[in-house]
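Single-structure report; data block below.
The values are calculated or read from the model by the stated rules, or taken from the named source; none is laboratory data. This is a predicted model, so every value here is computed, not measured. With ideal geometry, Cβ positions are generated from the backbone for all residues, glycine too; neighbour counts draw on all protein chains shown. All accessible areas refer to the heavy atoms of the entire protein, side chains included, with ligands and DNA or RNA removed. Shrake-Rupley method; radii C 1.70, N 1.55, O 1.52, S 1.80 Å.
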Amino acid sequence: MQENNKPTWIWYPGDFEVWLGNIFNNRRTERGAMFPPFWKQDSHYVTVEFSKAFTLAETETITIYSEGQFNFAIDGKLQFPAHTYDIPAGEHKLNIKVWNQATPPAIFIQGKTIVTDSSWLATYEDKLWIDENGVAHGSGIYVPAASWCFDKPDTPPSSYCLEREEHRPVNCCSTASGGKLYDFGKETFGYLKVKDLQGTIRVYYGESREEALDKEHCETLDVLTSDVTHQTSHLASKAFRYVYIEKEEGTSYGDVLMDYEYAQHDLNHSGSFRCSDEVLNKIWEVGAYTMDLTTREFFMDGIKRDRWTWSGDAIQSYLMNYYLRFDSECVKRTIRQLRGKNPVTAHINTIMDYTFYWFKSILDYYLYTADVAFVREMWPRMVTMMDYVLCRTNDQGMAEGQPDDWIFVDWVDFPMHKRGTLCFEQILLMKALETMAVCAKLLDIKTDYRIKCEELRNKIKQTFWSYEQKAYLHAIEDGKMNPHITKFPNMFAILYGLAYQEEREEIMKSVMLNPAIDPITTPYMRFYELEALCMMGYHTKVLQEIRDYWGGMLREGATSFWEKYVPTENGVQHLAMYGRPYGKSLCHAWGASPVYLLGKYYLGVQPTKPGYQEFEVRPVLGDLEWMEGSVPTPYGMIHVEMNREQVKVLATEGQGWLIVNNHKVKIEANQEITVKL
């Protein structure tokens, strides 16, 4: 036992995320009315027991802090209620039970050698004690306690909040109706502050000028009443660029400001990208800002409307994050929160494809971080989630939507049935089973997931591949094949390794590059479409697609990227969605995919062994004259510079290979590599 160990707050694994997620997901409002998520919300365990054995050479005094009421037992004997205890020399087992209905039960113990950390065990009294090695003890399941960054007794988990910074509007103008319109210059997120308010004001928020001025249809609004004693008024957090304020007769107020709320990141450990094309530079910058706005306590979808965690959105956020901020803690928080607790009674977010993405997100996380402990933590929840999935498959072992499922795939502008046995869903399930097989092997657990994966792989090819049309067909409906061809299953056949090289090339010709196939109009699926094109070597084409699509949003005045963009729309048409004039999110996480694409497929950086133990740099200029940028890794940075004459690479940690123009050069830490082209 080391002396002077640093104590930290500990709690039952996943409970902090479940509790925080409930707060997070219930902040959504529609025109002032609260709007909770429409899926099951779990709660933290209200009684948790923490335990650890110690051997002391001398008597030691400890101080216990708790979130909730607690009792304390030494060697099974309850102690008189106090916060400071003297533990005699010798071998002892300490047990602390904490009850807290409001926030997750948590403890912080400070002593000379006795401190709380992740070596403590925790149970919620389920009466089957199994330690972290899987050994049964017969009284309740004990698992390693969770901890994070709460390392002071006066900063318990329930105190967690994001950073704030005061911002001023860049412009204010009066309107013909007597109100004032404040412009904060770009899309932002935080808390409006109205100083020296006396009386009542009505506040209308807008991601666009049109929305803020449309009092009948703007998505978010507030009514604020205050007396003369209130010098500063804080409203609930909102997303906006514009704020329109009307005041009742006799009302006065002073400055209108905002507290910008953000997740703090180490800018010295962040991705970057610049190149010879200023349009792409602006796209990368706006993509990075979009990611920062949607990276909060969790990765959320859109900051104005939903403000929820969605698994399909999140898996893209994780990948973009690995090339921007490498905030692994936010990834873990979001994965835990999305999964929730047992028993499993519905798909994640009620969407079948989102459940399948959730599995793959764990495999992606392991690839980028090599964090085996997190995989081990999530494994029991992965098993019960997969049990739920497999019990709902048909007699062919394929996933079919049930009446209580939402089959999403994408928002589409063309007729597409989403019932029956969709090829797209089977490919996602195949990847989920592959994830289970890889994680089981990593944890040295014997399963049959690999067999199930290969069986499903064969069935997909036998059932849906058309040798005549050189494509994967859409679905089986009522026992008959629906021969509709879409990009969705075909690009995922490329991305998830279903299609062999010859099939991939056929798919590119018959589907991905075929103008007769219905186009994709959401950044959500453009993410995968462009990644598939990059994988097949169409880098120059993808750069032009990025210029046209994301550049199109910039030409429409976007300061963050949107939920959906249809180039043929004009004016206020760009603001409408879901049958509402301002229903579209103008800051949506899945809109930031150029951050990922430029880092992985142009700078060319990706891990080839988990956690960048080994990596490759395979840079591609496309039609650019030069580019430079950095990619964060768990322990350092990889910097790449490339022009038509040479490539330079400098990695601060690890080792890898620079692969360019049939050259393969070894990269060592802190040794700049230069290859002439």
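A few points about this structure:
- Listed by chain and number, the aspartates and glutamates whose C-alpha is less than 19 Å from the C-alpha of Lys247, apart from same-chain residues fewer than 8 away, are Asp183, Asp196, Glu211, Asp214, Glu216, Asp222, Asp227, Asp255.
- Note on Asn670 and Leu78: the model spin-label points, each 7 Å out from Cα along the C-beta direction, lie 5.8 nm apart.
- Nitroxide proxy distance, nm - points 7 Å out along Cα→Cβ at Tyr496 and Thr59: 6.4
- Alpha carbon centroid spacing (whole Å) that separates region 593-661 from region 488-539: 23
- Of the cross-linked pairs Lys509/Lys584; Lys360/Lys664; Lys186/Lys487; Lys282/Lys564, those separated by over 23 Å at the C-alpha level are Lys509/Lys584; Lys360/Lys664; Lys186/Lys487.
- Along principal axes, Cα extents of the chain, largest first, whole Å: 78, 74, 60
- Pairs of Cα atoms nearer than 8 Å and 6+ residues apart set the relative contact order; for the chain it is 11 percent.
- Options His474, Cys275, Phe150, ranked by Cα towards positive dipole end of the chain, top entry (Cβ charges): His474
- Prolate/oblate/rounded call for region 521-568, Cα gyration tensor, a/c under 1.5 rounded: prolate
- Candidates per GluC sites (Glu not before Pro) in region 2-104, loop by DSSP, up to 13 other Cβ within 10 Å: Glu3, Glu58
- Across all C-alpha atoms in region 460-613, the radius of gyration and Dmax reach 17.4, 49 Å.
- Across region 188-199, computed HN-Hα scalar couplings (Karplus, 6.51 cos²θ - 1.76 cosθ + 1.60, θ = phi - 60°) run 8, 8, x, 10, 5, 10, 10, 8, 6, 6, 10, x Hz from first to last residue, x flagging Gly and Pro.
- Peptides 314-326, 162-174, 74-86 ranked from most to least packed, by the mean per-residue count of other Cβ atoms within 10 Å: 314-326, 162-174, 74-86.
- The convex hull defined by the C-alpha atoms of region 23-80 has an orientation-averaged projected area of 7.3 nm².
- Full-stretch length increase - Val412, Gln613 - with 0.36 nm per residue and alpha-carbon distance subtracted: 68.3 nm
- Gyration tensor verdict on region 254-332 (Cα atoms; rounded if a/c is under 1.5, prolate if a/b is larger than b/c, oblate otherwise): oblate
- Distances between placed amide hydrogens fall under 5 Å for Lys193 paired with Leu257, Met258, Asp259, all partners being 5 or more residues away or on another chain.
- A helix-only calculation puts the chain at -8500 deg cm²/dmol for mean residue ellipticity at 222 nm, using -39500 (n - 2.57) for each DSSP H run of at least four residues, averaged over all residues.
- Computed over protein heavy atoms with a 1.4 angstrom probe, the accessible surface ordering of Thr251, Thr63, largest first, is Thr63, Thr251.
- Summary of the geometry: region 175-193 and region 257-274, compared by the centres of their Cα atoms, lie 23 Å apart.
- In a DSSP loop and with at most 13 other Cβ atoms within 10 Å, the trypsin sites (Lys or Arg not before Pro) in region 587-677 are Arg644.
- Taking every alpha-carbon pair under 8 Å whose residues sit at least 6 apart, region 602-677 reaches a relative contact order of 25 percent.
- As computed over region 174-294, the Cα convex hull volume per residue (Å³): 130
- Spatially proximal lysines relative to Lys52 (Cα-Cα < 20 Å; intrachain offsets below 8 disregarded): Lys6, Lys77, Lys93, Lys97, Lys112, Lys127
- If R0 equals 30 Å, the separation of the Cβ atoms of Asp448 and Val372 corresponds to a calculated FRET efficiency of about 0.85.
- Modelled label reach - Thr200, point 7 Å along Cα→Cβ, region 237-255 residues with backbone N closer than 14 Å: 246-252
- Taking the centroid of alpha carbons for each part, region 403-434 and region 86-101 are 51 Å apart.
- For region 623-677, pairs of C-alpha atoms spaced more than 13 angstrom apart make up 57 percent of the total.
- Rounded to whole Hz, the Karplus (6.51, -1.76, 1.60) HN-Hα couplings of region 538-545, x for glycine and proline: 8, 5, 5, 4, 5, 4, 5, 4
- Residues with amide H under 5 Å from that of Phe299, placed H, sequence gap 5 or more: Thr334
- Loop-located chymotrypsin sites (Phe, Trp or Tyr not before Pro) in region 466-495, at most 16 other Cβ atoms within 10 Å (DSSP): Tyr467
- When the Cα gyration tensor is reduced to axis lengths a ≥ b ≥ c, the ratio a/c is 1.5 or higher for region 285-379, and with a/b not above b/c it is classed as oblate.
- Overall, region 404-444 carries a charge dipole of about 120 debye about its Cα centre when +1 sits on the Cβ of Lys and Arg and -1 on the Cβ of Asp and Glu, all other atoms neutral.
- Per-residue HN-Hα couplings for region 475-485 [Karplus 6.51, -1.76, 1.60; θ = phi - 60°; Hz; x = Gly/Pro]: 6, 9, 10, 6, x, 10, 6, 8, x, 3, 10
- Dividing the radius of gyration of the alpha carbons in region 508-598 by their Kirkwood radius gives 0.98 for Rg/Rh.
- Simple rule: put +1 on each Lys or Arg Cβ and -1 on each Asp or Glu Cβ in region 192-313, find the dipole, and look at Gly206, Leu221, Trp284; the Cα lying farthest toward the positive end is Trp284.
- Model label sites at Lys6 and Glu455, defined 7 Å from Cα along the beta-carbon direction, differ in position by 4.9 nm.
- Stokes-Einstein translational diffusion, region 347-388 - Kirkwood Rh over all Cα pairs, 1.567 mPa s, 4 °C, in µm²/s: 121
- The magnitude of the dipole of the chain, with charges of +1 and -1 set on the Cβ of Lys/Arg and Asp/Glu and taken from the Cα centre, is near 660 debye.
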